[in-house]
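The values are calculated or read from the model by the stated rules, or taken from the named source; none is laboratory data. Model, not experiment: these values are computed from the prediction. When we count neighbours, we look across all protein chains shown, and the Cβ atoms used for this are built from the backbone with ideal geometry, even at glycine.
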Amino acid sequence: MADEPSKKTFPRASRLPSTFLKEVEKIIGSTDLKTSESELVAHSRDYWLLPQVWFAKGKIPALPEAVVYPENTEEVAEIVRLSAKHNVPLVPYGGGTGVVGGAVPLSGGLVLDLKKMNKILEVNDKSLLVKVQTGINGWRYEEALNRLGYTGGHIPQSLPSSTVGGWIACRAAGQFSTKYGKIEDLVVSVEAVMPDGKVVKSKTVPRSSTGPRLEQLLLGSEGVLGIITEATLRIFPFPKKRILLSFAFEEVKRPLEAVRKILRRGFRPAVIRLYDEAEVRLHFANFKELEGNFLLLFVLEGDAKLTDLEAEVVAEVCRKEGGSSKGEEPVKHWLKTRFDVHLGVEMIKTGAVVDTIELAITWDKVTELYHRNIESLQEVDDTVHASGHFSHFYQDGACLYLTFAGFPASPDEYYWQAWGAVMETTLKLGGTISHHHGVGLVRARWIRKELGEYFEILKKIKSTVDPQKIFNPGKLGWGE
């Protein structure tokens, strides 16, 4: 079990070797090497909400010794080779929007901020592929594709500030994943720098049977095995038509059954979201007619004929399951507010401890996952709010996205009790403890239970690929 941050000071590396930064400066120049206090503090954390509580009290989780901004793969490779020579820990940094502590520089060292690696390198219209540097901002990536007549199909809540590399590193999901897939469905090939400084590339082909694929090993590895510098992803023609539908239900089981039946018939709405009564009150307060109901939202898009047929089937199935049509307005409201994440920060300012947890499970256990986890959170002392919505759906199951909040006397103790209640409940039901946010530091103590024997295999891969343990030390719970 990992140590709780409240009971152990994060480890700090000794100062960097005196010659190290001079050699780094020769590689990237003085402009792209930062050692100011403001840069170090800015790269001391990501968007993990517990350190937001600490930060408000003047506590910083961990500080790097320096921050660098490479502009291409070769610069990254040279820095990695130099770091291996001097045994300097390295932490890759994208947009800093991860919510599990994956970018916290536990051992100090050097942070590689990849945001200057932001170019679209090639668009292949015939094969519907795009090659990019992985530091590219998500919003600019999607915006650039839209101007060319495409969509990337990957629209996470963090789109305005996350990066393509961050999506790959944590095995992310966008809000439109039911139609377009999670990031692992979109990545075709990668270029990456390994801990010894070697640059490796996988081949851009539609499918392959030549052994385990490099990109699949690096997907979700959170910078522990390699630093992904370029990626080729699938893209899609910009949709010709979009239809918005919403339905109110009196309880959770029937809207879930409606979605299951829609997907079972082969239809793939771009967005499906099901909010419980508590989240309807929180996020749809202006829609008084929805109060006390569960709200099911759909965004349907694509070819006009297919979208019209999909809308017809969605409405038919939802009505048969007892849903009452509420039109476009709730969906328009969601589209307008979907990137707004200020509420958690505002609650923290009032002294609250708040966080979200996303899980996934198969259809046969999805309703039980919801009820059991809401109950487990409500049973934790000092909880004042526990709610959930289903944010991503697939033919074989769904993702449950929980929110909890409390005003405890001991914030750290309460936080870990709430997380522990959800993790243990989910593991007992056979679900996965993360659908798209990754492991980082938050889930490290439960990762052995999650992975079983696979955990030991991953530890062996890590020790072989990175025997010095310089790549993002302490993450994923792989034994550091």
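Considering every residue within segment 71-87, establish whether at least one is under 27 Å from VAL200 (Cβ atoms), touching a Lys or Arg at 6+ places or on another chain (Cβ under 7 Å) and either modelled with pLDDT under 95 or outside any strand (DSSP E or B) (or both). Within segment 71-87, one or more residues are under 27 Å from VAL200 (Cβ atoms), touching a Lys or Arg at 6+ places or on another chain (Cβ under 7 Å) and either modelled with pLDDT under 95 or outside any strand (DSSP E or B) (or both).
Here is a check on your reading of the model: is SER161 farther than 24 Å from SER202 by Cα, in the same structural domain as SER44 (by TED's automatic domain parsing) and either in a loop (DSSP other than H, G, I, E, B) or touching a Gly at 6+ places or on another chain (Cβ under 6 Å) (or both)? Spelling it out, it is not the case that SER161 is farther than 24 Å from SER202 by Cα, in the same structural domain as SER44 (by TED's automatic domain parsing) and either in a loop (DSSP other than H, G, I, E, B) or touching a Gly at 6+ places or on another chain (Cβ under 6 Å) (or both). Among the residues making up segment 306-330, a single one is in a strand (DSSP E or B) and under 32 Å from the mean Cα position of the chain (by Cα): SER325. Quick check: is even one residue across segment 139-152 part of a helix (DSSP H, G or I) and under 18 Å from GLU358 (Cβ atoms)? Checking segment 139-152: not a single residue is part of a helix (DSSP H, G or I) and under 18 Å from GLU358 (Cβ atoms). Which of the helices (runs of 4 or more DSSP H) found entirely inside segment 195-305 contain at least 3 residues meeting this: over 22 Å from SER391 (Cα atoms)? Filter on segment 195-305 gives 214-218. Whenever a residue of segment 341-364 is in contact (Cβ under 8 Å) with a residue 24 or more places away in the chain and assigned by TED's automatic domain parsing to the domain that holds ALA409, its partners that are in a loop (DSSP other than H, G, I, E, B) and β-branched (Val, Ile, Thr), lying with C-beta atoms within less than 8 angstrom and at least six residues away or across chains, give the pairs ASP355/VAL99; THR356/VAL99; LEU359/ILE433. Restricting PRO212, PRO195 to those that are free of Cβ contacts under 8 Å to residues at least 60 places away in the same chain and closer than 27 Å to THR464 by Cα reduces the list to PRO212.
May I ask you to list the residues in segment 438-476 that are buried (at least 23 other Cβ atoms within 10 Å of the Cβ) and in a loop (DSSP other than H, G, I, E, B)? Hits for segment 438-476 are GLY438, VAL439, GLY440, LEU441, VAL442, ASN472, GLY474, LYS475, LEU476.
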